[in-house]
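The values are calculated or read from the model by the stated rules, or taken from the named source; none is laboratory data. What you see is a predicted model, and the numbers here were worked out from it, not measured in a lab. Note that each Cβ is placed from the backbone with ideal geometry, even for glycine, and that neighbours are counted across all protein chains shown. Note: accessible area is taken over every heavy atom of the protein model, side chains too, but ligands, DNA and RNA are not part of it. Shrake-Rupley method; radii C 1.70, N 1.55, O 1.52, S 1.80 Å.
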Amino acid sequence: TAACYFLQREYAQTEIPLLKVVRSKAANPRELRAATQGLIGVYQKLGRRVDQLHAAFLYEKVGDVNPSEPYGLDQHALYLPAWEWLLDLPYLLDIQLTDDELREYLVHYGKQARQIKYPPYHQRNRTAFEAVEYALAVRLARQEKYSESAEIYERLDAKPRAKRMRLLTDLYVKAADIALPVEERLKAQYQYASFLEEHSTQVFFNDMIWKGFQTSTFLGGYGVESQGFTGEEREHFLRHERKVKDEQEERWRAYHILAAIIEQAGYTELGNKAAIKAMRCLDLISKERFGRAGEIDQARNKLLAWLRGYRRYANDSKTPLGIIGPP
């Protein structure tokens, strides 16, 4: 019945029989997986992303496929269950939902979310509530709200991340302090950028939900032709994916901070250090995952030209390099 409604694009009607299956005590795990995954698609079409996230957590609650389970209607109808894990959940948590929608989920589904176990790969089990809080902490870090991010991590007993956020709080505050003399502030900005470069995937990357398969999950990755999106939906997701790719790449953020230091410091020892560190950032960014290959190559060429100019200036000038030199 749900399938018939969906094919007729009567999405609001599709929800009703699927919810009956989800709430049925007689439904077996395979039927529950099919129904919850169907709800994810229905809520996508209805634009109800908070409910869509909850349906994805309900899918996780059912657990992995057991070979001894009786086969139901979803034996060959759905491709993703054959993987035994759902790609929709990390996509919803990190790309589709806004910060406000994640917070709305915690309010609207808070009681149920605390009852749902979510087993991240290679990490201790969390509840759905904790997984959403963790996603919010990551997003706050991307916005450089490190103190707020630290508070959530501390509440979740994510000690390494919490410690990192506290260190970043101090580094960021000093780097942004306009009361400091210019040279001292630039040095603080260099320390801040260096920390980001040295902690790739440990600050802005959500390590709870992405474990080596993010690239294949994005629309440019594997299986894109079978996603079933409209052209408008596809363009919407591509824009949001690009935003997340930029925000989650610590070395890209560090590069831009270092580029600004080079611009202000000019041909000085600090400018040279920033240029070398910026080059390292660009060299270590995975173009396959991140994209922007053309921009990275242009940035590298610009840095190489700057370094050649610096060397000529250092050889020819009698000006002490600790003083701000020409750009």
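Structure notes:
- Among the residues of the range 111-127, those that are of a type outside the set (Lys, Arg) and either at pLDDT below 95 or open to solvent by 10 Å² or more (accessible area, probe 1.4 Å) (or both) comprise Gln112, Gln115, Ile116, Tyr118, Pro119, Pro120, Tyr121, His122, Gln123, Asn125, Thr127.
- Residue pairs meeting the criteria (Cβ under 9 Å; at least 6 apart or on separate chains; first under 15 Å from Leu58 (Cβ atoms), in the range 4-32; second assigned to a helix (DSSP H, G or I) and of a type in the set (S, T, N, Q)): Leu18/Thr36; Val21/Thr36; Val22/Thr36
- Residue within the range 253-264 that is touching a helix residue (DSSP H, G or I) at 6+ places or on another chain (Cβ under 7 Å) and over 21 Å from Glu184 (Cβ atoms) present: yes
- Qualifying residue in the range 226-238 (condition: at pLDDT below 90, open to solvent by less than 40 Å² (accessible area, probe 1.4 Å) and not acidic (Asp, Glu)): yes
- Selection of the range 148-178 for residues being aliphatic (A, V, I, L, M), under 18 Å from Ala260 (Cα atoms) and open to solvent by 30 Å² or more (accessible area, probe 1.4 Å) yields Leu171, Val173, Ala176, Ile178.
- Selected residue (criterion: most open to solvent (accessible area, probe 1.4 Å)) from residues of the range 16-64 that are more than 28 Å from Phe237 (Cβ to Cβ) and among the basic types (Lys, Arg): Lys25
- Cβ-Cβ distances below 6 Å connect the following pairs, each with a first residue in the range 194-219 that is open to solvent by less than 10 Å² (accessible area, probe 1.4 Å), a second residue that is polar (S, T, N, Q), and a separation of six or more residues or different chains: Phe204/Gln248.
- Residue in the range 239-250 that is modelled with pLDDT of 90 or more, more than 30 Å from Arg126 (Cα to Cα) and crowded, with 17+ Cβ neighbours inside 10 Å present: no
- Hits in the range 280-293 - residues which are modelled with pLDDT of 95 or more and either open to solvent by 20 Å² or more (accessible area, probe 1.4 Å) or in contact with a Cys (Cβ under 7 Å, 6 or more places away or on another chain) (or both): Arg280, Asp283, Leu284
- Qualifying position, being hydrophobic (A, V, I, L, M, F, W, C) and surrounded by fewer than 21 Cβ atoms within 10 Å (Cβ to Cβ), among Leu106, Leu97, Leu92: Leu106
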